[in-house]
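For reference, the structure is listed below as structure tokens.
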Amino acid sequence: MMLIDGPRQPPASGGRPKKLVIFLHGYGANGEDLIGLAGPWARELPDAQFVSPNAPEPVPGAPGGYQWFPLTRLDPSETERGTKKAAPVLQSFIEGEMKRYGLGPSDVALVGFSQGTMMALHVGLRQDQPFAGILGFSGALAGREGLKGEIASKPPVMLIHGDQDQVLPLGFMFDACEGLVEAGHGAQWHISPGIPHGIGPDGMELGAHFLRKVLSGRYGQTAISGV
């Protein structure tokens, strides 16, 4: 099994980690791309350990860039194959991190961006015991057709997407929401006005609020709703 790792930020409280936030970066980026979110979010989550692993495969011709799987076009069959192939590597990493810090699934939140959101949704919805939550920025749902038969847990999900995203247009978020409903689950969602393929200030604020709620166990969600 291929091993992955990346930058970390320990709890701001200075104590033992009580929660774990795992960032999953997008295509062509690396762990450093998202670990910067830990700084502002640590104020809301002082007992959380943050970790942002590099995806398992280097991107050809992009020094320092990694991918969870090759992405030549936004074809549903390609993204489904890719997420399924990369899932065991990510699953092994998550299990190793929980063991490292002595935490359980209910202490873990996955935060994905773009291709990382595809991975967060794929792995996070197929756990025997649900994670605390899944937060996805500018992403998509891979393997929509098979999700109903494969979903094993229903953690709270929040999807945030910019309305000026030209890489993964806004429709991908609504497709993900519809796929979750078809599988008997749901999500909260938010559209960030004027934001391209990235994370805006509103997304940062809503993301921090979502993580604080789910990691405190005070978040209930069973249906689609906008924020």
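The values are calculated or read from the model by the stated rules, or taken from the named source; none is laboratory data. Note that the structure is predicted; figures quoted are calculated from it, not measured. As a convention, Cβ positions derive from the backbone with ideal geometry for all residues, glycine included, and neighbour counts pool all protein chains shown. Just so you know, the surface numbers come from the protein's heavy atoms only, side chains and all, with ligands and any DNA or RNA stripped out. Shrake-Rupley method; radii C 1.70, N 1.55, O 1.52, S 1.80 Å.
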Is there a quick way to get the dipole size of the chain? I mean about its Cα centre, with the Cβ of Lys and Arg at +1 and of Asp and Glu at -1; what is the value in debye to the nearest 20? 680
Simple spin-label model, 7 Å along Cα-to-Cβ: D128 to E32 in nm? 3.9
Before rounding to the nearest 500, sum -39500 (n - 2.57) across all DSSP H runs of length at least 4 in the chain and divide by the residue total; then give [θ] at 222 nm in deg cm²/dmol. -10500 deg cm²/dmol
Work out, in µm²/s and without decimals, the Stokes-Einstein translational diffusion coefficient of the stretch 1-134 at 20 °C, 1.002 mPa s, Rh from Kirkwood over C-alpha pairs. 144
Enter the per residue convex hull volume of the stretch 80-199, computed from alpha-carbon coordinates, in Å³ rounded to the nearest integer. 92
In the stretch 90-158, what percent of the accessible surface is made up of carbon and sulfur (1.4 Å probe, ligands and nucleic acids excluded)? 46
Counting other Cβ atoms within 10 Å, keep those with at most 14, restrict to DSSP loop, and tell me which trypsin sites (Lys or Arg not before Pro) in the stretch 1-84 are left. R43, R73
Test of understanding: what is the full-extension gain from S216 to K85, defined as 0.36 nm times their sequence separation minus their Cα-Cα distance? 43.9 nm
So if the hydrodynamic radius of the stretch 57-126 is defined as the Kirkwood radius over C-alpha pairs, what does Stokes-Einstein give as its diffusion coefficient at 25 °C and 0.890 mPa s, in µm² per second? 186
Per q in 0.12 Å⁻¹, report the Debye log10 I(q)/I(0) for the chain, using one uniform scatterer on each alpha carbon and no solvent. -0.57
What's the FRET efficiency of L3 with A62 using the Cβ-Cβ distance as r and R₀ = 25 Å, to the nearest 0.05? 0.75
Under the 0.36 nm per residue contour assumption, what length would be gained going from the current alpha-carbon distance of V181 and E95 to full extension? 28.2 nm
Among I195, G171, S153, whose Cα lies farthest out toward the positive end of the dipole of the chain, if unit charges sit on the beta carbon of Lys, Arg (+1) and Asp, Glu (-1)? S153
Please list, or write none, the lysines whose alpha carbon is within less than 24 Å of the alpha carbon of K213, excluding same-chain residues fewer than 8 places away. K18, K19, K99, K154
Work from the charge dipole of the stretch 1-150 (Cβ charges, +1 for Lys and Arg, -1 for Asp and Glu, about the Cα centre) and give the residue of Q67, P7, Y27 farthest towards its positive end. P7
